[in-house]
Amino acid sequence: MAAGSAADGTVAKALDVLDLVAARGAPVRFSELLAESAYPKATLYRLLQTLVTQGMLTYEPDRSSYSLGLRLVRLAHVAWQQSSLGPIARPYLDQLSADLGETVHLAQLDNAQVLYLDKRNARDPVVMYSQAGKVGPAYCTGVGKAMLAFLPEDQLPAILGQQSWHRFTSKTMTSSDALRTELRRIRARGYAFDDEEHEPGIICLALPILSSSGRVLGALSVTSTTARTSLAEFEKLLPMIREIVQKIARDAETWRSPEAASPPLRKKV
């Protein structure tokens with residue numbers, strides 16, 4: 001095996017271990033990780049020790065447990081500032097949330113899933129799955145479908161092949177054929193619905209955030225409950241939501257990361 005391939009394999013294994021720890025949402029013991037990991041005991045222990053040394057994980061001797069490290073927090077904060085729509089969209093989310101009084105989500109695609117970048121709670125908050133930093137399914141959420149509908153056709157098969165097709169509610173679509181039909185409708189009208197497809201009683205209207213060339217940058221949604229409103233009422237808000245989405249898209253295209261905007265560093269001689 002080439003050195004580069006070996007290095008890639010080690011990095012991939014370390015990332016797998018980080019994912020295992022993160023998925024727990026709480027400190028986790030070695031025995032618990034070993035039960036879920038595909039790696040031998042010695043390999044898993046070595047990876048954990050390296051991640052602790054590098055500050056990616058922390059080890060708590062009193063509980064003999066591992067949790068995500070502060071270095072990851074720093075990296076995540078920088079990534080949010082430099083690589084996501086979060087900082088760009090923040091004032092617009094504030095405005096839309098204040099105007100509507102409903103829950104507002106901002107999301108991007110993370111491989112084949114939806115990553116919630118930011119969220120504004122409704123004036124009368126509703127308990128729901130989505131939170132900033134959480135990953136959710138693409139095939140049965142408004143933001144997910146809004147983004148999938150505007151992807152290039154040649155990208156869809158791979159992404160649809162990674163969906164779980166788990167039936168969350170009686171309205172969840174559970175096949176790629178059904179979703180493809182829905183995606184054609186979404187593309188034609190320009191926006192998507194979540195009609196209680198991910199959580200009972202939760203509905204939303206979502207619009208994709210597109211570049212001037214049509215590239216998918218992310219998606220924005222307004223979410224509420226069937227007890228409070230309806231999808232038909234949401235459609236009346238389209239002009240306001242569309243204006244916000246267009247402003248985010250405009251600002252995203254003119255925005256450059258601090259690194260890209262700075263001159264290259266000179267090498268020392």
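Of ALA206, ALA227, ALA232, all but one fail to be in contact with a strand residue (DSSP E or B) (Cβ under 6 Å, 6 or more places away or on another chain) and either exposed (fewer than 15 other Cβ atoms within 10 Å of the Cβ) or in the same structural domain as ALA146 (by TED's automatic domain parsing) (or both); the exception is ALA206. Pairs meeting the criteria (first residue in the stretch 155-180 and over 14 Å from PRO200 (Cβ atoms), second residue surrounded by 13 or more Cβ atoms within 10 Å (Cβ to Cβ) and of a type in the set (Val, Ile, Thr), beta carbons under 6 Å, at least 6 apart or on different chains) are TRP165/THR174. Across the stretch 84-104, the number of residues qualifying as within 21 Å of VAL126 (Cα to Cα), among the hydrophobic types (A, V, I, L, M, F, W, C) and touching a residue at least 24 places away in the same chain (Cβ under 8 Å) comes to 4.
Contact annotation: residue pairs with Cβ atoms under 8 Å, 6 or more positions apart or on different chains, pairing a residue in the stretch 105-125 that is closer than 16 Å to VAL222 by Cβ with a partner that is aromatic (Phe, Trp, Tyr) and surrounded by fewer than 19 Cβ atoms within 10 Å (Cβ to Cβ), are LEU117/TRP80. As a summary of the residue check, GLU196 satisfies the conditions (1) under 19 Å from the mean Cα position of the chain (by Cα); (2) modelled with pLDDT of 95 or more except for the one numbered (1). Suppose the filter is at pLDDT 95 or above, of a type in the set (A, V, I, L, M, F, W, C), buried (at least 19 other Cβ atoms within 10 Å of the Cβ) and outside any helix (DSSP H, G or I); does PHE168 pass it? Considered against the rule, which asks whether it is at pLDDT 95 or above, of a type in the set (A, V, I, L, M, F, W, C), buried (at least 19 other Cβ atoms within 10 Å of the Cβ) and outside any helix (DSSP H, G or I), PHE168 comes out as no.
The values are calculated or read from the model by the stated rules, or taken from the named source; none is laboratory data. For clarity, every value in this text was computed on a predicted model and none was experimentally measured. Reconstructed Cβ throughout: ideal geometry from the backbone, glycine too, with neighbour counts over all protein chains shown.
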